[in-house]
Every structure is written in C-alpha cells, then in structure tokens.
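A.B. asks: Got a structure for you, questions after.
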Amino acid sequence: MLATGALLGEIEKAARMISAGSSMGDEERLLERVAAGDVESFAAIYDRYSRVVYSLAWKMLGDPQTAQEVAQEVFEAIWRSAGAFTPGRGNARTWILAMAHHKSVDAVRRQRLRAAEPLSESHVDDADVVGLALERVLGAEVRVALASLTEAQRAVVVLAYYGGYTQQEIARRLGIPLGTVKTRMRDGLRRLRGQLRVAEEITE
Amino acid sequence: MTHEELRDLIPAYALDALEPEEARAVEAHLPGCAECRDELSSLQAVAAELAAGVAPVEPPATLRERVLAVARPRRLAVVPSGLWRAGLAVAAALILILGGITLVQFQRIRTLAAHMGALSARLAAQERVLVLLASPTSRTATLRGSTQANVRFVYDRATGQGALLVSDLRDPGANFVYQLWLVAGQEPQSAGVFRPIPGQPIVIPVNADFRRYQAVAISVEQGPQGSSAGPTTVPILNGTI
C-alpha cells in the first residue's frame, strides 16, 4: 500500500508537470500563453506590470510622455518576444523588469544624445545627481538596502541603474579609475543582494 | 577577453551599464559559462528589486488601450493544447491505477507523456499555421539568400499573427542558433531564436503588428540566447513583407 501511495504521488506530480508544461510558476505560464498569442494572458501581464514599468520609465526619463512611449515599447517587446523567455533561466518578473530597464536606458541615452550633453561640461554636482536619482525611490526594503551601502557604492549603483550611465561614463563623471567603479558596483550589488534576501526571509 | 575580464563585467551588465561592444562580448560568453550565467541571474534579480522600489505612479488608461491594440485576437478558435495535455495525464494515471504498474514501466510512461507534451506543443504551432493559411488576409513571403533552404514567413496584418516555417535548413553548428528579425526601416527587432530539427519541418510563432515592418531576416548568432542588439552577422536569408 505504501508503495502504491508513493507511486500515486509520483503520478500526480507527472500529471501536473504534463498539464502545466513543466514546473513553472503562475507568471511563467502566463508568458508561455502570451508567446502562443493569448491576448487575455497579455492583458494580465499588462495589469500586473504596467505600473512598475511606467513608474521606472518616468523616473529615469523625467517626463510622463516619454515614459508612456517607453512603456508601450516594453509591452510590445514582451508580446513579440515572450517566446524567447526560457522558464528554466530566471523568472518572469526578472525578465520583464530587465526588459523594462533595458528599454528605459536606451531611451535615456537617446535623450542625452539628442540633447548633446557632453559629460565633461555638466555642471550638476554629483551629490545632487545621486540625490535626484534617489528621489521617489520609496520602497521601504529597497531604501533600507540602499542605505546599507557605503556612500561611494551607492553613488555608482544609483548612477548606473536609475541614471542610465555606463560604468565608463561614471568613471569620467566622478573622476575615478574605471577599475574602482567596477569594484564598487560589484561590491554594492552583492551587498544589496544580501540585504534584499534578508528582507525576503523576514517577510516570509 | 578572458573569463576573468568578462566575469568582472557581469555586475555592470546586470545594470545595463556597459558600452555596446562590451555587452556583446558578455552575451557571446554567457552561453558557454554557467558560473557567469548564475551570477548574472542573481544580480538581475537584485536589479529587478531596484525597479520595484520606485514610487508607483498610475499609468493613464489610454496606455492600456494602445498596448492591447497591438495584440489582436485571432479570428478562429484553436483547440487549446492544455486540454490535450490534461487528457493525456488522466489517461496515463488511469492506466497506472488499473494496471498495478512497476516503477520502470511508470518511468517509461512518463517519458512517453513528456514526448506527447512536446508533440502537442508542435501540434498547437501547426494549428496556428492552418488558422493563418485559412485567413483571407494572410500573405506568404519566401526567404532567400546565401543558403539553400525552404523557409517561408506567413503573416496576417489584420490579426497580427504570423509564423516562420522552416525545413531543410542546415545545422548552424554547436553553440550557434538562428535568430529571426523583423525589420522596420533600419531597426531590426528580434522575433526569437531557433535551431532546426533534422528531417522535421519547424514552426516558429510570431506576434507583431506587421504593418510596421518591411522585411524579415535570419542571421546566425551565438546561442542559446542570440543577440539582443541586432544581427551581429550578415543575415543568411531575407524576405520582404
């Protein structure tokens, strides 16, 4: 009887695996259906992510009109290339938000190119730039995590992620060697990873 | 660049803070390096939290309409592949329960069920082509270029549904994939990567507003992800849509 029970458990597992495609989460399955052209699943993804995608784009680009254009670009890319998402590698949320950031960075760089803002002639104080970039970052966990970095690490991570600057631009901007930027970026991200993991465990 | 040099670029890659040529070097390195892939996926998860930490602003309702207008519903219903799979699972379970089956047999059935799952996915893709071909507004483009192959692109501007049909395309080589591009003006956008299956035609579904594109192209790229920026090699096949 015991063996039968174990076998039935296995069967159930297999049945779930077969009917779900694999051991995917809810959002991964949604993306799979988007790839197959399911409009309702696409609408569900939009409803879950439009706010964070739009907010990130607005924060990085500084105006709602361009943010709308970028958000539209992001969701069109999701619709078009959901088939390129591989459930085994990373989760749907990370994939979608990486796409949102990537498109926002592209737009920020286009914006800067159009404005022809030479980095060396920028008169904005770097402390202001970091302060500006941190504005409206309100998520308590993220705020606490960012606060745990050294000031030097925070500046590099914030300028890169929210400012859309490359590490070479950051080195020029802060007048420090590229190697230093790389080290601060790596150490900063690793510390954030530790902090955010701790936060996750506490809320569980 | 050495593995150590590329590994040092992973944090900046996760933050989209590399110069384009550096990003391409990392992308070429990733498929062959599990260590860098793991580091990247864990740092990308951190980056995702930075996105989620931005104070939320509600997007205008008009944005939702515009975005969803891109995804148009199909005209004909297609048998959902999920039903197929569920039916298979129930059948497999019944056989097991009725037969008092050994674990070896069970494993065999499981393997079979996995094969059938893959088959049902292929069937769904083929059904999609049938639906497309049945549509009075669909068109077909034949891709031509430097390689011998039978590759066609079927698309429907009215529904935004399309599919690439591939047969007799040679293997791109280990570590390489074919990448399909939709081209609007000078801007190629990726529509997915694929590898041919010897002796079998394959179907790659594509959803897009085809009114915006003038051409489709296929290039050979580093696998498994392909290129994120645009073709890095001269496309081997091209077609006008």
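Derivation of every value follows stated rules applied to the coordinates shown; laboratory data play no part. Predicted model only: the values in this text are computed from it and were never measured. Reconstructed Cβ throughout: ideal geometry from the backbone, glycine too, with neighbour counts over all protein chains shown.
A.B. asks: Sort A:103, A:182 by Cβ crowding within 10 Å, fewest neighbours at the top.
C.D. replies: Fewest to most other Cβ atoms nearby, the residues stand as A:182, A:103.
A.B. asks: For a test of the definition: using alpha carbon positions, the gyration tensor, and the 1.5 limit on a/c, classify chain B as rounded, prolate or oblate.
C.D. replies: Rounded, because the longest to shortest axis ratio a/c is under 1.5.
A.B. asks: How many nm is it between the label spots at residue A:112 and residue B:211, if each spot is 7 Å from the Cα in line with the beta carbon?
C.D. replies: 3.6
A.B. asks: Given labels modelled 7 Å from the Cα in the Cβ direction, how far is it in nm from residue B:150 to residue B:234?
C.D. replies: Once both label points are built, they end up 2.7 nm from each other.
A.B. asks: Could you list B:16, B:168, A:187 so that the one with the fewest beta carbons within 10 Å of its beta carbon is first and the one with the most is last?
C.D. replies: Lowest count first: B:168, A:187, B:16.
A.B. asks: Between residue A:193 and residue B:119, what is the spin-label point distance in nm, taking each point 7 Å from the Cα along the Cα→C-beta axis?
C.D. replies: So the label points at residue A:193 and residue B:119 sit 4.3 nm apart.
A.B. asks: Checking the a/c ratio against 1.5 first, then a/b against b/c, what shape does the Cα gyration tensor give for the stretch B:184-241?
C.D. replies: It comes out oblate by the Cα gyration axes.
A.B. asks: By average Cβ neighbour count within 10 Å, what is the ranking of A:59-66, B:130-137, B:207-214, A:71-78 from highest down?
C.D. replies: A:71-78, B:207-214, A:59-66, B:130-137
A.B. asks: Per residue of B:190-197, how many C-beta atoms from partner chains lie within 10 Å of its own C-beta, taken as a mean?
C.D. replies: 2
A.B. asks: Starting from the Cα of residue B:111, move 7 Å in the Cα-to-Cβ direction to define the label point; list residues of the stretch B:179-208 whose amide nitrogen is under 13 Å from there.
C.D. replies: Zone members listed by number: none at all.
A.B. asks: Residue by residue through A:74-85, how many Cβ atoms from other chains fall within 10 Å of the Cβ on average?
C.D. replies: 6
A.B. asks: Next question. Distance from a point 7 Å along Cα→Cβ of residue A:144 to each backbone N in the stretch B:52-67: keep the residues under 19 Å and list them by number.
C.D. replies: B:52-56
A.B. asks: OK, next. Express in nm, to one decimal, how much length is gained between residue A:43 and residue A:168 on full extension, taking 0.36 nm for each residue of separation and deducting their alpha carbon distance.
C.D. replies: Contour length minus the Cα-Cα distance gives 41.1 nm.
A.B. asks: Sort B:227, B:167 so the one with the fewest other Cβ atoms within 10 Å of its own Cβ comes first. Intermediate values should be presented prior to the final figure.
C.D. replies: Details: B:227 21, B:167 14.
Arranged by neighbour count, lowest to highest, B:227, B:167 become B:167, B:227.
A.B. asks: Which residue, B:21, B:127, B:39, has the most motion in a Gaussian network model of chain B that connects Cα atoms within less than 10 Å?
C.D. replies: Between B:21, B:127, B:39, it is B:21 that shows the largest mean-square fluctuation.
A.B. asks: Okay, moving on. Please work out the FRET efficiency for the pair residue B:19 and residue B:94, using the Cβ-Cβ distance as r and a Förster radius of 56 Å; give the result to the nearest 0.05.
C.D. replies: Values: r = 59 Å, r/R0 = 1.05.
In this case the efficiency is close to 0.40.
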